[in-house]
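Heads up: the structure comes next, in structure tokens.
The numbers here are math on the coordinates, done by the rules we state, and not lab data. Note that the structure is predicted; figures quoted are calculated from it, not measured. Quick reminder, even Gly has a Cβ in these numbers, built from the backbone with ideal geometry, and neighbours come from all protein chains shown.
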Amino acid sequence: MATTHTKNSGHGHDGPDSHETGIDYPGHAHGHIGRGTYYRVFAALMVLMALTVGAWWAEAFVEIPRLLGVAIAMTIAIAKTALIVLFFMHVKVSSRVVQLYAIAAFVGLAFLFIIIMGDYFARGWPPQLGPLP
């Protein structure tokens, strides 16, 4: 007599394909992000988008240093990226290993930005006008 495998054997959240295969994934017990959280994150992203557009318009009317404008734009972009990675990519409710890899990716990206900006500013500010050498 064959035994049947029950789909929910007390291991927590089923894996992505468990409904089709009937296989439990015991190592994949993660939290859940509710619909309300998605709406709040979406609203925050819309506010940050409006801030981005507002900063662009304000830069045309108010004389601010170029470096400050770039710093404001980068701050808003980093905030939007963090919201997307944490909530829409589910890093917030993932395991510690996934969170560690996400942080390592951001640190690596920061190093690349620092290296590129160091090279950019070392070439001279403002850029020299005239024919190419």
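A few points about this structure:
- Additional length obtainable on full extension of the chain from K92 to R35, 0.36 nm per residue less Cα span: 19.0 nm
- Here the Karplus curve 6.51 cos²θ - 1.76 cosθ + 1.60, taken at θ = phi - 60°, turns the phi angles of the stretch 38-49 into couplings of 4, 5, 5, 5, 4, 4, 5, 5, 5, 5, 5, 5 Hz, with x standing for Gly and Pro.
- Residue-by-residue Karplus 3J(HN,Hα) for the stretch 95-104, coefficients 6.51, -1.76, 1.60, Hz, glycine and proline x: 5, 5, 5, 5, 5, 5, 5, 5, 5, 4
- Gyration tensor verdict on the stretch 33-91 (Cα atoms; rounded if a/c is under 1.5, prolate if a/b is larger than b/c, oblate otherwise): oblate
- Modelled FRET efficiency - R0 30 Å, I103 with L48, Cβ distances, 0.05 increments: 0.90
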